[in-house]
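Shown next, in structure tokens, is the structure this report addresses.
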Amino acid sequence: MNVAHVTDDKSISLKATEKRFGSSKNGVQALTPTTIDIAAGGMTILLGPSGCGKTTMLRLIAGLVAPTSGIIEIGGVNLWANGRRNSEALSHLGMVFQDANLFPWLTIEQNIALPLKLRGVKKSDRLAKAQDLCKLVGIAGFERRMPNELSGGMRQRASIARALSYDPGILLMDEPFGALDAITRDTMNNELQRIWMETGKTVVLVTHSIGEAVFLADKIVLLSPRPGRVQEVIDVTFPRPRDQSVSLDPEFQRIATYLRDKLDH
Amino acid sequence: MSSQDTNEDASGTPLIPSWVGSLLILVGLLAAWEGYVHFFEISRLILPAPSEVLAHWLGYLQNPLIWYHTGITAWETLLGFFFATILGVGLGILLGKMPRLERMLNPFVIATQVVPKVALVPLFVVWFGFGMTSKVVIATILAFFPILLNTVLGIKSVDNGHKEVMESLNATRTQRLTQLDFPSSLPYILTGMEVGVVLAIIGAVVGEYLGGNDGLGNVAVREMNSYNTTALFAVIIHLSVLGFAFYAVVVGMRKYLIPWHGSSN
């Protein structure tokens, strides 16, 4: 492992990054020009109501949409150069979607190893890596199962493992637990915290759940809609590892109430 | 399997397997036919008794000349089906991936679709002669369209979430095609092939009706010209068995090629 560069490839910075959809006159400004540095190795939560641009911001960072203007740097590398995505910058990014999006014709381990297959890693190596990742995300023993044999929570664990397979410094998550039931969701939040602490990745997670945001976050980036913009950045400093009882802490209640007030406006 | 999948009473024991029911219906129909022919003394020129047809067909099975013609028809069908699959899947992927090209070519595809292609058979005999080539061409053309249309539909139906996974993994065009588009479209392609293989047989037999001296279609025409209706029925049975064999092979491929898909259960 190249320790010297560990923090380098985990940093994200937006410089006057703007996204409009449609023509400049009638178009929608999904994200007003935004400048922000996202802490390397931190757990950053993008929180806001629908239409606030939080998903747009994440998709911009992920390289899934191109900015209308401004610059996005991943690990110090410009993500978009000459209208094309920089593959070095992309290799620092792992993306987890709201749906697990596993390929139904592949086994769980084949799904997890898919990014390595695309990178030309040889079969025995990539399957060994997939097995390690199954242990990390807590689905050991399900390597040979098909995705439709797993519960929603387990499928999402597999999709996290897939995003981690090529060891990116940054894990981007777009409402990853939004489709899960409340109980599974709590479990997954605990698990995500554990995986994050074990791997030391930079995590950027989009949610519209205040409880999820306060439980997970080092920093909450609060966005507001029409036009989408960053309203405020809030530090959350409870010690780690946190468990769900942290929600009983008066400070937790205070932050949650504050956020709820902000979101009501 | 659960009680919904078989005919079971409340205690869970099967009443009659469905194939026994099908067999009983078949036996009933044949008995009615046999009785009708004997009771009303129908000329065997009009409608031979099923027992006579069966006897004639069993005689065919020991006749090397019939097997020669069976081989010819089977080979024409197989070649036509093979070319139709290569062309249909190849062009289907191209059109599915290039919506602009598809829109440009769509009027032509529709035009060639609505032409009664069987009416073109005499033309192909003129162009390609009385040998096997003209039959293979007809079989190819008939089988081609369902395979093409289903492949296009399959490519267009690739899940958007899956596409975004490949995009976030920075997959190349070739990788997207081989790892996502093709496997995802396979259920559609196989559906097109199921329709196509039946049309390939029809194409080969119709071609044999109109030109040449070989193949089961030609045998049927000759028997008709000599007013041997019993033999004509026997040829039809023989062709049906051949058709069913081809169809069963293609349907059987589902289990091996797409065990993950719901249609394989």
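Readers should treat all values here as calculations from the given coordinates under stated rules, not as data from a laboratory. Keep in mind that this is a model prediction, so the values were computed, not measured. Note: ideal-geometry Cβ built from the backbone for every residue, glycine included; neighbour counts use all protein chains shown.
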(request) For an R0 of 25 angstrom, estimate the FRET efficiency from the Cβ-Cβ distance between B:Ser263 and B:Leu153 and round to the nearest 0.05. (result) 0.95
(request) Run down the lysines and flag those whose C-alpha is under 25 Å from the C-alpha of A:Lys219, throwing out any fewer than 8 positions away in its chain. (result) A:Lys10, A:Lys15, A:Lys19, A:Lys54, A:Lys201, A:Lys262
(request) Report the local net charge at B:Ala231: Lys and Arg +1, Asp and Glu -1, summed over other residues whose C-beta lies under 13 Å from its C-beta. (result) 0
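Which percent, nearest 5, of DSSP beta bridges in the protein assembly as shown are antiparallel?
Bridges in the protein assembly as shown that DSSP calls antiparallel: roughly 55 percent.
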(message) Quick check for me: using +1 on Lys/Arg Cβ and -1 on Asp/Glu Cβ, what's the dipole size of the protein assembly as shown about its Cα centre, in debye to the nearest 20?
(response) 1520
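Mind checking A:80-92 for the average number of partner chain beta-carbons within 10 Å of each residue's beta-carbon?
Details: counts 0, 0, 0, 0, 0, 2, 1, 1, 0, 1, 4, 2, 0.
That average works out to 1.
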(request) Would you mind ranking B:Thr85, B:Thr229, B:Thr73, A:Thr257 so that the residue whose beta carbon has the fewest other beta carbons within 10 Å leads the list? (result) A:Thr257, B:Thr229, B:Thr85, B:Thr73
(message) At 0.36 nm per residue, and after removing the present C-alpha to C-alpha distance, how many nm does the segment from A:Ala66 to A:Ala179 gain when stretched out fully?
(response) 38.0 nm
(message) How much of the DSSP bridge set in chain A is antiparallel, in percent, rounded to the nearest 5?
(response) 55
(request) Kindly provide the helix-only [θ] at 222 nm of chain A, computed as the sum of -39,500 (n - 2.57) over DSSP H runs of four or more divided by all residues, to the nearest 500 deg cm²/dmol? (result) -11000 deg cm²/dmol
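Arrange the following residues from fewest to most other Cβ atoms within 10 Å of their Cβ: B:Met166, A:Met57. Please report the intermediate quantities before stating the final value.
Working: B:Met166 21, A:Met57 28.
Least crowded to most crowded, the residues run B:Met166, A:Met57.
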(message) Using a 10 Å cut-off around each Cβ of peptide A:97-106, what is the average number of partner chain Cβ atoms that fall inside?
(response) 6
(request) Could you please state, rounded to a whole Å, how far the C-alpha centre of the stretch B:124-160 is from the C-alpha centre of the stretch A:28-43? (result) 53
(request) With springs only between Cα atoms under 10 Å apart, run a GNM on chain A and tell me which of A:Arg84, A:Arg20, A:Arg162 wobbles the most. (result) A:Arg84
(message) Give me B:Asp159, B:Asp181 sorted ascending by neighbouring Cβ count inside 10 Å, so fewest comes first.
(response) B:Asp159, B:Asp181
(request) Using 0.36 nm per residue of separation minus the Cα-Cα distance, give me the extension gain between B:Val109 and B:Ile237 in nm, one decimal. (result) 42.7 nm
